[in-house]
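The values are calculated or read from the model by the stated rules, or taken from the named source; none is laboratory data. All values derive from a computational prediction rather than experimental measurement. No Cβ is skipped: glycine too gets one built from the backbone with ideal geometry, and neighbour counts run over all protein chains shown.
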Amino acid sequence: MKKIHMFSVLAMVLAASGAAFAHPGGGRMFERLDTNNDGKVTLGEAQAGAQARFTALDKNKDSVVTADELGDGPKFMIKHADANKDGKVTLAELQAQTQTWFGRFDKNNDKTITKDELQAARADHHPCPKS
């Protein structure tokens, strides 16, 4: 269940689908987050991506994202990132959740996430059937 939670948060943070980001090889979301194109995503890059997504989702610019603002979008954002369970997500809550999933994906604790680490996390989440 925790792996499902991590991918849900990852998908929410990265503005598309978890599958697009964690696609074998990293996917388009990895390249969007890797702003210096060094083949790694740092916590700072992930936090910047989360902030950009938050800003885009906060349609009425009241510094919180609610289910109404998400429309048909990722409602799991409210469920997983809403730390105080008030039905709203603040940027601080989203940033805290981003830090949590980042730590879980950074298996070698080098303060970066590589495409290989994402691919391994995806394999753990969606194991391929054995032949």
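Some observations on this one:
- Test: LYS107 is closer than 25 Å to ALA123 by Cα and outside any helix (DSSP H, G or I): yes
- Looking only at residues of segment 63-75 that are surrounded by 17 or more Cβ atoms within 10 Å (Cβ to Cβ) and assigned to a helix (DSSP H, G or I), we find that the one that is modelled with the lowest pLDDT is LEU70.
- Residues in segment 23-62 that are outside any loop (DSSP other than H, G, I, E, B) and of a type in the set (Lys, Arg) were compared, and the one that is surrounded by the most Cβ atoms within 10 Å (Cβ to Cβ) is ARG53.
- Residue ID - surrounded by the fewest Cβ atoms within 10 Å (Cβ to Cβ), chosen from residues in segment 76-107 that are charged (D, E, K, R) and under 22 Å from LEU33 (Cα atoms): LYS107
- Answer from THR66, THR112, THR90 - the residue that is in contact (Cβ under 8 Å) with a residue 60 or more places away in the chain and hydroxyl-bearing (Ser, Thr, Tyr): THR112
- Number of residues in segment 57-73 that are hydrophobic (A, V, I, L, M, F, W, C) and closer than 13 Å to GLU93 by Cβ: the value is 3.
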